[in-house]
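Asker: Let me give you the structure first, and then I'll get to my questions.
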Amino acid sequence: MKKDFILFLGILLFSTTSCQKDLRDDVDDLIERVSKLEKICEQANTDIVGLKQIVSLLEANDYITSVNELADKSGYAINFLKGNTIVVKHGTNGDYPVIGVDELDGIFYWTQKVGDNPASWVLDSNGNKVQTTGVSGKTPVIGVNSSGNWTVDYGEGPKELLVNGRPVSAKGKDGQNGKDGVNGTDGKDGANGTNGKDGVDGYSPFKSVTDKGDYIELKLTTGTILKLPKENSKAMKILFDVNENGLITERMWANETKEITYKVENPDSQTTVDFEATNGWRVKHNRNNNSITLIPLEAWNEEGRIIVSILKDNKLISQFRYSVKTMLFWDKSSIKAKPQPLEAVGGKVPVTIQNIIFPPQWFYKNAVIKITPVLRYSGGEAKGQLYTFKGEDVEDIEEGDVITYETGANEAIRSSFDYIPEMKKSELYLKFDVEIDGRKVKIDDIKIADGVISTS
């Protein structure tokens, strides 16, 4: 019995020692993996910021003055006229997410690509494409969650990056199991295959930089090609004044028109100038006084681009982009919440909200707007009664008040919240759910009341 125990103890000690060694190896491997992932994430987020800067400079109509290869041959330093220098490094293949950009209707949106999968649009929680720059622009942040999967944060919190509906692991792919051995006399199974290699160290949305003479071609890993113009002091330019928000005019009402003048630098009688508006906007070129007339048309709370193309002998010489955006249909100062401050009465917090103004010829006939008052306080929020407003041609929704396109309306809504002590310090917001022809339109919440709720 004693001999058996000693033998068992020896086996146990040997096994424990072996397990400890395996555990140390696993811990060391984990530390190495985490370190690599941290470096990849750091480089990824640095390059994403650089990519956004390049798009911003492109939209700001900046020019490249020079391109210099880095001393270690890992990429290039691109120098811009207005003093910015952006470093781009060559991309490598790997099973990590590559964030890129692509242009649609004159606006750049973020894209994503993993491995050999094709690039796809990055979508927010409402299924809308995420804009790269402009008033609605956001900057993604790459990360890894506790499950070991890649995440992307576009200002709504980290979300798992999905390919074909499945999360993408930040670990290297496992090797395939070896095939079973051929049956024979006491034949043995074949050995398991070796573990797969970790993903390639490094990350970059940039694939190549090529000098094309009049411009620099920047090819992204996702497949998109950006054409960055070189500085030519003698070239004709069309210049608009831009405000602090990057727009060529203050935000316009959706039913408004506005005339805006531009300046011509280095005029050339041999060239022609074309103006194009995107994303529901319309532009008219007034050649007699160097101006354009802007018409939002269907650009309902939408950001758009005015693209100016200069051509000579039907060949594109240069191109300029300018941003425009419509206003919300309400003036925050006109909306009134009564009482002010809010009061608790019989365990309830009642409120009447007045002067929600829909201007004439603004509420599109196929639009639906749902408004919910929300009382927010430390630790939570309470939702009030939902109100629905719809255009004249909406037939598939029975509830709600009809807003006539020609006349518009001035609406008032009422709501009530169940009182809790945490509401003594709170803020009242209006939350919007908007659709036009089934397309969701993003409208930010509007704060209409500060409030210390007093009880009576």
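Asker: Determine whether region 422-432 contains at least one residue that is under 22 Å from Glu256 (Cα atoms) and either loosely packed, with under 15 Cβ neighbours inside 10 Å or of a type in the set (Phe, Trp, Tyr) (or both).
Answerer: Here is the first cut: in region 422-432, the ones under 22 Å from Glu256 (Cα atoms) are none.
So far as region 422-432 goes, no, none of its residues is under 22 Å from Glu256 (Cα atoms) and either loosely packed, with under 15 Cβ neighbours inside 10 Å or of a type in the set (Phe, Trp, Tyr) (or both).
Asker: Test Glu422 against the stated conditions and say whether it is farther than 28 Å from Ile295 by Cβ, free of Cβ contacts under 8 Å to residues at least 12 places away in the same chain, touching a Ser or Thr at 6+ places or on another chain (Cβ under 8 Å) and in the same structural domain as Lys440 (by TED's automatic domain parsing). Break it down stepwise before answering.
Answerer: Values: farther than 28 Å from Ile295 by Cβ: yes; free of Cβ contacts under 8 Å to residues at least 12 places away in the same chain: no; touching a Ser or Thr at 6+ places or on another chain (Cβ under 8 Å): yes; in the same structural domain as Lys440 (by TED's automatic domain parsing): yes.
No.
Asker: Is it the case that Val101 is at pLDDT 85 or above, closer than 22 Å to Arg305 by Cα and among the hydrophobic types (A, V, I, L, M, F, W, C)? It would help to see each step written out before you state the result.
Answerer: Numbers: at pLDDT 85 or above: yes; closer than 22 Å to Arg305 by Cα: yes; among the hydrophobic types (A, V, I, L, M, F, W, C): yes.
So Val101 fits the description; yes.
Asker: Does at least one position in region 411-418 carry a residue that is polar (S, T, N, Q), touching a strand residue (DSSP E or B) at 6+ places or on another chain (Cβ under 7 Å) and not in a strand (DSSP E or B)?
Answerer: Just the residues of region 411-418 that are polar (S, T, N, Q), to begin with: 415-416.
After this cut, where a residue has to be touching a strand residue (DSSP E or B) at 6+ places or on another chain (Cβ under 7 Å) as well, the list is 415-416.
Checking the rest, the ones that are also not in a strand (DSSP E or B) come to none.
No.
Asker: Looking only at region 225-238, which residues are of a type in the set (S, T, N, Q) and exposed (fewer than 12 other Cβ atoms within 10 Å of the Cβ)? Quick ask: steps written out before the conclusion?
Answerer: Within region 225-238, the first condition is being of a type in the set (S, T, N, Q), and the residues that meet it are 232-233.
Residue satisfying the conditions is Ser233 alone.
Asker: Cβ-Cβ distance below 7 Å, separation of 6 or more or different chains: which pairs start in region 140-161 with a residue that is part of a loop (DSSP other than H, G, I, E, B) and end on one that is among the aromatic types (Phe, Trp, Tyr)?
Answerer: Pro140/Trp110; Pro140/Tyr154; Leu161/Trp150
Asker: Just name the residue that is farthest from Leu342 (Cα to Cα) out of those in region 359-371 that are surrounded by 18 or more Cβ atoms within 10 Å (Cβ to Cβ) and in contact with a strand residue (DSSP E or B) (Cβ under 8 Å, 6 or more places away or on another chain).
Answerer: Per the stated criteria, the residue is Tyr364.
Asker: A follow-up question, please. Looking only at residues in region 119-157 that are hydrophobic (A, V, I, L, M, F, W, C) and buried (at least 20 other Cβ atoms within 10 Å of the Cβ), which one is farthest from the chain's Cα centre (by Cα)? Reasoning before the result, please.
Answerer: First, the residues of region 119-157 that are hydrophobic (A, V, I, L, M, F, W, C): 119, 121-123, 130, 135, 141-142, 144, 150, 152.
Subset that is buried (at least 20 other Cβ atoms within 10 Å of the Cβ): 122, 130, 142, 144, 150, 152.
Values: Val122: 7, Val130: 3, Ile142: 13, Val144: 19, Trp150: 17, Val152: 10 Å.
The selected residue is Val144.
Asker: Among the candidates Gln385, Gln354, which residue alone is outside the structural domain of Met252 (by TED's automatic domain parsing), assigned to a loop (DSSP other than H, G, I, E, B), of a type in the set (S, T, N, Q) and surrounded by fewer than 19 Cβ atoms within 10 Å (Cβ to Cβ)?
Answerer: On inspection, the qualifying residue turns out to be Gln385.
Asker: Evaluate region 365-375: report whether one residue or more is in contact (Cβ under 8 Å) with a residue 60 or more places away in the chain and farther than 23 Å from Gly438 by Cβ.
Answerer: Restricting attention to region 365-375, the residues satisfying the condition of being in contact (Cβ under 8 Å) with a residue 60 or more places away in the chain are 366-372, 374.
Applying the additional criterion that residues be farther than 23 Å from Gly438 by Cβ yields 374.
Yes - at least one qualifying residue is present in region 365-375.
Asker: Tell me which residues, restricted to region 287-296, are in a strand (DSSP E or B) and farther than 10 Å from Tyr262 by Cβ. I'd like the intermediate steps shown before the answer.
Answerer: Taking region 287-296 as the starting set, the residues that turn out to be in a strand (DSSP E or B) are 291-295.
Across region 287-296, the qualifying residues are Thr293, Leu294, Ile295.
Asker: Now, a different point. The conditions are (1) crowded, with 17+ Cβ neighbours inside 10 Å; (2) on the phi > 0 side of the Ramachandran plot, and Gly165 fails exactly one of them. Which is it?
Answerer: (1)
Asker: Right, something else. Looking at this structure, is Asp433 among the acidic types (Asp, Glu) and farther than 17 Å from Asn366 by Cα? If you could, list the steps in order and put the result at the bottom.
Answerer: Working: among the acidic types (Asp, Glu): yes; farther than 17 Å from Asn366 by Cα: no.
Answer is no for this residue.
Asker: Does Leu311 qualify as being buried (at least 19 other Cβ atoms within 10 Å of the Cβ) and part of a strand (DSSP E or B)? Talk me through it step by step, then tell me what you get.
Answerer: Numbers: buried (at least 19 other Cβ atoms within 10 Å of the Cβ): no; part of a strand (DSSP E or B): yes.
Against the criterion (buried (at least 19 other Cβ atoms within 10 Å of the Cβ) and part of a strand (DSSP E or B)), Leu311 does not qualify.
Asker: Right, next: Can you work out which of the residues in region 215-238 that are within 29 Å of the chain's Cα centre (by Cα) and assigned to a loop (DSSP other than H, G, I, E, B) is modelled with the highest pLDDT?
Answerer: Of everything passing the filter in region 215-238, Thr224 is modelled with the highest pLDDT.
Asker: So, one more: What pairs can you find where one residue is in region 111-124 and assigned by TED's automatic domain parsing to the domain that holds Glu160, the other is outside any strand (DSSP E or B) and loosely packed, with under 14 Cβ neighbours inside 10 Å, and their Cβ atoms are less than 7 Å apart, with a gap of 6+ or different chains?
Answerer: Ala119/Gly223; Asp124/Glu156
Asker: Among the numbered criteria (1) small (Gly, Ala, Ser); (2) farther than 28 Å from Arg251 by Cβ; (3) surrounded by 13 or more Cβ atoms within 10 Å (Cβ to Cβ), which single criterion is violated by Ala337?
Answerer: (2) is the only condition that Ala337 fails.
Asker: Condition (residue is of a type in the set (Gly, Ala, Ser), in a loop (DSSP other than H, G, I, E, B), touching a Phe, Trp or Tyr at 6+ places or on another chain (Cβ under 6 Å) and over 28 Å from Lys227 (Cβ atoms)) applied to region 121-135: is it met by at least one residue? Spell out how you get there, then give the answer.
Answerer: Step one: filter region 121-135 for residues of a type in the set (Gly, Ala, Ser), giving 125, 127, 134.
Checking the rest, the ones that are also in a loop (DSSP other than H, G, I, E, B) come to 125, 127, 134.
Within this subset, residues satisfying the condition of being touching a Phe, Trp or Tyr at 6+ places or on another chain (Cβ under 6 Å) are none.
Within region 121-135, not a single residue is of a type in the set (Gly, Ala, Ser), in a loop (DSSP other than H, G, I, E, B), touching a Phe, Trp or Tyr at 6+ places or on another chain (Cβ under 6 Å) and over 28 Å from Lys227 (Cβ atoms).
Asker: While we're on this one: Which residue, of Lys431, Lys370, is within 15 Å of Ala449 (Cα to Cα) and part of a strand (DSSP E or B)? Show your work before the answer.
Answerer: Numbers: Lys370 fails: within 15 Å of Ala449 (Cα to Cα).
Answer to the check: Lys431.
The values are calculated or read from the model by the stated rules, or taken from the named source; none is laboratory data. These numbers were taken from a predicted model, which means no experiment stands behind them. Backbone-built Cβ (ideal geometry, glycine too); neighbour counts: all protein chains shown.
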